[in-house]
Every structure is written in C-alpha cells, then in structure tokens.
1. Can you report the number of residues in segment 168-214 which are of a type in the set (Gly, Ala, Ser) and either at pLDDT 85 or above or on the phi > 0 side of the Ramachandran plot (or both)?
2. From Gly320, Gly277, which residue is of a type in the set (Gly, Ala, Ser) and modelled with pLDDT under 70?
3. Any chance segment 280-299 includes a residue that's at pLDDT 90 or above, over 19 Å from the mean Cα position of the chain (by Cα) and more than 23 Å from Phe172 (Cβ to Cβ)?
4. Of all residues being within 30 Å of Phe170 (Cα to Cα) and surrounded by fewer than 18 Cβ atoms within 10 Å (Cβ to Cβ) in segment 192-233, which is farthest from the chain's Cα centre (by Cα)? Just the residue, please.
5. Being of a type in the set (Gly, Ala, Ser) and more than 13 Å from Asn300 (Cα to Cα) is the filter; apply it to segment 245-263 and report the residue that is farthest from the chain's Cα centre (by Cα).
6. Report, by residue number, each residue of segment 80-110 that is under 26 Å from the mean Cα position of the chain (by Cα), modelled with pLDDT under 75 and either surrounded by 14 or more Cβ atoms within 10 Å (Cβ to Cβ) or not basic (Lys, Arg) (or both).
7. Take segment 137-174 and flag every residue that is among the small types (Gly, Ala, Ser) and within 15 Å of the chain's Cα centre (by Cα).
8. Could you go through segment 215-229 and let me know if any residue there is more than 24 Å from Asn300 (Cα to Cα), of a type in the set (S, T, N, Q) and at pLDDT below 95.
Amino acid sequence: MGKSTEVLVTVILFGTFVVFEQFNLFLFAIFKGLEKMEVLAKISAMKSIFLFSTVLFLLITGQGIVELAIAYAVIEGLTGIINFFITRKRFVKANHKRHKIKLLPLLKRSWPFALGIIFTLIYIRIDSVMLSFIKGDVAVGIYAAAYNLLFIFQGAVSLLPEVVKPRFSFLFHRNWFRKYRRLIKGVAGKSVIILIPVIIILSLLSKNILYLIYGSDYVQGYAALIILFVTGAVSFYGMLWGNSLLMSHKQKKWMLAVGLGAGLNILLNFLLIAPYGIEGAATATLLTEIFVFILVYLLNDKRVRLDVIKSEKELKLNQGHQIQ
C-alpha cells in the first residue's frame, strides 16, 4: 500500500470512528439524563478493556496505523450496536404514543450532555484541524501518531473513574458525603502514586515507542507525546470530578466548564501552533485539560470537594487536643 493510499484509508477509518463515537456519546447522554450510571459504567468499562487489550496486541505484534484505525472503528461500532439495543430495550417503549410523551422530558434532561459532548469533541479534535491549516499535513500525521498513543493511555486510566462511578452515585444520593469524600480522596491519592512513575517511564521511552510502532519518521513527535501523556493523567482527574458534577445533577455546570474549555482550546491553539507546531498543539490540550479540571472541581458541591487546607488545620487541631 502506497503512502498516499495508506493516509487516505487511515483518514477514512478514523472518520468512521468519530461518527460512531459521536453516536455513542449521544446515547451515553441519554443514560446520564436518566441517571442510569450503572449501565453507562458497565458499557464504558467493557469498551475500554476491549480497546486497550486489542490495541496492545496490535502494538506487540508490530501492526501499523491502518490496523490500529480499523480496531478503533470496529470496536466503537460494536459499542454503538450494543448501546442501541440496550437503549431500545430498556428506555424506549413499544407504544408509540407513550414514547412521544416521554421524548420531550428526555430531551430536556439530555440536551446539556449532548451539547457538552459537542464542546468536548471540539477541544479534542480542533488541534488537528488547526495544525493542518497552519503547519500542513506532515505535522498532522506526526501529531496524530502521538495522539493515538494518548487514546490508548486514556483508555487505560479511564477504567477506574468508570468502574467506581456507580459507587459514587450510590453514596451521593444517600447524602453520605463523608464516605463520598473519603472514597474520592482514596481514588485520587492512590492514582497519583501510580500515574507519576508511569508517566516518567513512558516519557523516558517515548522515542522508542514511536520508533517501534510508527518508524523513524515519527520519532520527532516525542516531545508532543510526553506532553500528551501528562495530559492523559490530568484528564483522569477532570473525568473524576466531571462525573461527580454530573451525579449531583449539575449537568449545565459541566456543560459550561467544557464549553469554556473548548473556547480556550481554540484560542491557545491559535496562539501556540504557529510558533511551536505540534508541541504547541499538545501544550494547548494540556492547558485546556488543567483548566477544565480546575473548573469542574470548583463547580462541584462544597460537600464533596476535598478541602486540603481545612483538613490540615483539623488534623493539627485534633493533635493538639490529644496532647492536652
């Protein structure tokens, strides 16, 4: 297969993947609107495990970018089929009149999720579009190689937030906020212990990873890949607190956070891509994820936020009482 044909096939496959992804995200918005977090968590965990294991197998066996693109498109498509049948079976009534009556309140509850998903897709995808216009297709190809590895990393780190989501929902809706904070503190704290050494190791091996998977032409994207690995870790915490925001029925605030993130990402890409190329695009993505993480954290209910300063003061006060 020639280079031009390979690029064309890869673009078509990833375009197909994006179409399936948007369809799945729309159905996920319905699950969230109906507060069926346990269904969403099971499907997301299943997809992440299957995608991670498949891509890992393809990388170990030395497959190329076309095979990776096929895997992404096929798995996303299969997830869409499963989502469709679950939605039809559990949420859509056979009686057409009853279905029409239920449609309007369903849309009212789901539209912030749908719009938020569009905003998320903007700040995830817009960097490649702007790279193409500002730096050309070569830069896009190198950046896409690094970004595909970010997808794999995010697929692995997103497993935990999806798995614990039903437990968070259970605790929140019973007003057990102390247990909620204890759980989210444990998840966030233990994740730091794991993520920091993983990112360091992946960063040190970034050139080798790119060379092994894509070849010598893509090694120049190692700096962008390192930045994107850090982005994946930050997105983990953004997802953790974003899920917390959604479970507390603050979907409009979540939509606001990701909407502002999309606007900021467009601005940062415009400012950084021209002077810094793919590293600038990666940095724009990182700064956007940091911004969204901080915003969704601050928009969360005060009863579930982790007040580190207050906790330290309480700890010192308790120690003082014990001494007395």
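1. Just the residues of segment 168-214 that are of a type in the set (Gly, Ala, Ser), to begin with: 169, 186, 188-189, 191, 203, 206.
The next check asks that each one be either at pLDDT 85 or above or on the phi > 0 side of the Ramachandran plot (or both); those that pass are 191, 203, 206.
Final tally of qualifying residues: 3.
2. Working: Gly277 fails: modelled with pLDDT under 70.
Result: Gly320 is the single residue among Gly320, Gly277 that is of a type in the set (Gly, Ala, Ser) and modelled with pLDDT under 70.
3. Yes, the conditions are met somewhere in segment 280-299.
4. The first filter runs over segment 192-233 and keeps only residues within 30 Å of Phe170 (Cα to Cα), leaving 192-196, 231-233.
Cutting the leftovers down to surrounded by fewer than 18 Cβ atoms within 10 Å (Cβ to Cβ) gives us 192-194, 196.
Numbers: Val192: 17, Ile193: 20, Ile194: 18, Ile196: 18 Å.
Applying the filter and picking the extreme gives Ile193.
5. Looking only at segment 245-263, we keep the residues that are of a type in the set (Gly, Ala, Ser), and these are 248, 257, 259, 261-263.
Then drop every residue that is not more than 13 Å from Asn300 (Cα to Cα), which leaves 259, 261-263.
Values: Gly259: 15, Gly261: 13, Ala262: 14, Gly263: 17 Å.
The qualifying residue farthest from the chain's Cα centre (by Cα) is Gly263.
6. If the condition is that a residue be under 26 Å from the mean Cα position of the chain (by Cα), modelled with pLDDT under 75 and either surrounded by 14 or more Cβ atoms within 10 Å (Cβ to Cβ) or not basic (Lys, Arg) (or both), then Thr87, Phe91, Leu106, Leu107, Arg109, Ser110 are the ones that fit.
7. Keep residues of segment 137-174 that are among the small types (Gly, Ala, Ser), which gives 139, 141, 144-146, 155-156, 158, 169.
Matches in segment 137-174: Gly155, Ala156, Ser158.
8. Residues of segment 215-229 that are more than 24 Å from Asn300 (Cα to Cα), as a first pass: 215-229.
From what is left, the residues that are of a type in the set (S, T, N, Q) are 216, 220.
With the extra rule that they be at pLDDT below 95, the set shrinks to 216, 220.
Yes, segment 215-229 contains at least one residue that is more than 24 Å from Asn300 (Cα to Cα), of a type in the set (S, T, N, Q) and at pLDDT below 95.
The values are calculated or read from the model by the stated rules, or taken from the named source; none is laboratory data. Predicted model only: the values in this text are computed from it and were never measured. No Cβ is skipped: glycine too gets one built from the backbone with ideal geometry, and neighbour counts run over all protein chains shown.
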